[in-house]
Amino acid sequence: MKITEHIKKANGKTLFSFEIIPPKKGNNIQELYNNIDPLMEFNPPFIDVTTSREEYVYLKKEGLLDRKITRMRPGTVGICAAIKHKYDVDTVPHVLCGGFTKEETEYLLVDCHYLGIDNVMALRGDAMSHQKYFEASKDGHKYATQLVDQIKNLNKGKYLHDVIEAADTSNFCIGVAGYPEKHLESPSLQTDLKRLKEKVDAGADYVVTQMFFDNQKYFEFVKAAREMGINVPIIPGIKPLAVKRHLQILPQVFRIDLPEHLIREVEKCKTNLDVRKVGIEFAVQQSKELLAAGVPVLHYYSMGKSDNIHAIASELF
C-alpha cells in the first residue's frame, strides 16, 4: 500500500514509523531484526531503509596506497524485501542520485517493482567525504527533482531507452526530503521551499523532514509550504539525542539548532546513559505536541537501535 493511502486510511489518526540503517557488510541481518521486533507492537504501516553511497578505501599494494571504491552497507532492496516478507509491513527503500547512474537507478526500481515494493524515497544524497560540494556521478542525476522525474516516467512505462506497453507498470509512491531549517547548501529557506515545490510538481507524493528539535520551526515550515502551494503530506522526522557528542555533531553535520533548555540538560549529564534519558524525555514531549497538532505520521530516525524509540512510542501509541 502507498504511504499516502496509509495516511488516508488512518482518517486523521497519527501513525508511527521509523527508519533503519542496513547492517555493514559481513554482519548478520538478525541484529536488525532484534531491533525491529520490539517496535512492531506499535503497528508501523511502513519502515524506511536507508541507502549508503560508495566510499573510497585505501589498500596497500606493493608499498603504495591503491584507492578502491566500496559500499559498506549494501543490500537496501534485499533488506526491504526481507522485512516486508517477515513482518508483512510496507518498506521504503531510499534511492539516491549520488553514487548511481541512471541505468543503475532503473535496475533498482525494476527490482522494487518485481518485489511488490510500492514506495520509494527519492534523495540527492550527500557529497563524498573528499568532496566539498556534491558532485553527480557520471551518467547520474544531479538533483532529486530529476530522480523524481525518472521514477514518474517509469510509472508511465517510459524506461531510459524504450517505452514498454504493459498492464503491470510500476506505480511508486514517491517521498522526498524537506528541511524546516533549510538545506545546508541553500542560500535561504524561501529558495529551499522553491526547490521542494519543484520536487512536488515533478511528482513527489509526500515529504519527510530532516530532524528538528524546535516544533515551531516545523509548524512555520508547513505553513510556508502550504502558502507556496505544496499540498502533499509533510511528515516530521524526529531523532532523540543519545550521546553528548550530538551537541556538536548534529549542528555541524545537519546545520540545525538545538533549544537552549535541551542543551543545558544534556550538559548536566555525567554519562551517555543520562543523555539517552534526557533525549527520550525531550522526544516524548516534542512528539506529544506534534501529535496534538494532528501530524500525519511521527517518523523516528532510529540509527539501527530501538530501545529509545520503544521508550518514546510506549508513551504515545
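Does region 172-189 include one or more residues that are outside any loop (DSSP other than H, G, I, E, B), out of contact with any strand residue (DSSP E or B) (no Cβ under 7 Å at 6 or more places or on another chain) and surrounded by 13 or more Cβ atoms within 10 Å (Cβ to Cβ)? Spell out the reasoning first.
First pass over region 172-189, keeping only residues outside any loop (DSSP other than H, G, I, E, B): 173-178, 189.
Applying the additional criterion that residues be out of contact with any strand residue (DSSP E or B) (no Cβ under 7 Å at 6 or more places or on another chain) yields 189.
With surrounded by 13 or more Cβ atoms within 10 Å (Cβ to Cβ) added as a condition, the list becomes 189.
The answer is yes, given that some residue of region 172-189 is outside any loop (DSSP other than H, G, I, E, B), out of contact with any strand residue (DSSP E or B) (no Cβ under 7 Å at 6 or more places or on another chain) and surrounded by 13 or more Cβ atoms within 10 Å (Cβ to Cβ).
Could you check region 8-30 and list, in sequence order, the residues that are polar (S, T, N, Q) and in a loop (DSSP other than H, G, I, E, B)?
N11, T14, N27, N28
Scan region 88-97 for residues that are within 14 Å of M121 (Cα to Cα) and surrounded by fewer than 22 Cβ atoms within 10 Å (Cβ to Cβ) and jot them down. Before you say what the answer is, go through the steps one by one.
Residues of region 88-97 that are within 14 Å of M121 (Cα to Cα), as a first pass: 90-97.
Hit for region 88-97 is H94, nothing else.
Tell me, please, whether a residue that is modelled with pLDDT under 95, in a loop (DSSP other than H, G, I, E, B) and surrounded by fewer than 18 Cβ atoms within 10 Å (Cβ to Cβ) can be found in region 98-105.
yes
Can you run down the residue pairs with Cβ atoms below 6 Å, 6 or more apart or on separate chains, where the first is in region 279-302 and in contact (Cβ under 8 Å) with a residue 12 or more places away in the chain and in a loop (DSSP other than H, G, I, E, B) and the partner is surrounded by 16 or more Cβ atoms within 10 Å (Cβ to Cβ) and of a type in the set (F, W, Y)?
That search, which allows pairs on different chains as well, returns S302/F18.
Looking at region 11-28 only, could you name the residues that are open to solvent by 20 Å² or more (accessible area, probe 1.4 Å), modelled with pLDDT of 95 or more and among the hydrophobic types (A, V, I, L, M, F, W, C)?
L15
Out of region 183-224, which residues are under 19 Å from K142 (Cα atoms) and basic (K, R)?
The answer is K194, R195, K197, K199.
Per-residue answers, yes or no, for (1) in contact with a Pro (Cβ under 8 Å, 6 or more places away or on another chain); (2) among the basic types (K, R):
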position	(1), (2)
D274	no, no
E281	no, no
S287	no, no
L290	yes, no
G294	no, no
L298	yes, no
Y301	no, no
K305	no, yes
I309	yes, no
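Among the numbered criteria (1) surrounded by fewer than 17 Cβ atoms within 10 Å (Cβ to Cβ); (2) modelled with pLDDT under 95, which single criterion is violated by R73?
It is condition (1) that R73 fails.
So which of V208, V278, V253, V295 is at pLDDT below 95 and among the β-branched types (V, I, T)?
Result of the check over V208, V278, V253, V295: V253.
For region 151-171: of the residues being farther than 22 Å from T50 by Cβ and among the β-branched types (V, I, T), which is least open to solvent (accessible area, probe 1.4 Å)?
It comes out as T169.
Being open to solvent by 50 Å² or more (accessible area, probe 1.4 Å) and either in contact (Cβ under 8 Å) with a residue 24 or more places away in the chain or within 19 Å of L316 (Cβ to Cβ) (or both) is the filter here; which residues of region 244-265 pass it?
Selection gives K244, F254, R255, D257.
Among V148, V208, V200, which is the only one that is buried (at least 19 other Cβ atoms within 10 Å of the Cβ), assigned to a helix (DSSP H, G or I) and touching a Gly at 6+ places or on another chain (Cβ under 7 Å)? Outline the logic, then answer.
On the way: V208 fails: assigned to a helix (DSSP H, G or I); V200 fails: touching a Gly at 6+ places or on another chain (Cβ under 7 Å).
V148 is the lone residue from the list that is buried (at least 19 other Cβ atoms within 10 Å of the Cβ), assigned to a helix (DSSP H, G or I) and touching a Gly at 6+ places or on another chain (Cβ under 7 Å).
The values are calculated or read from the model by the stated rules, or taken from the named source; none is laboratory data. Fair warning: this is a prediction, and the values are worked out from it, not measured in the lab. So basically every Cβ, Gly included, is an ideal-geometry build from the backbone, and we count neighbours across all protein chains shown. SASA here: full protein model, heavy atoms, side chains in, ligands and nucleic acids out. Shrake-Rupley method; radii C 1.70, N 1.55, O 1.52, S 1.80 Å.
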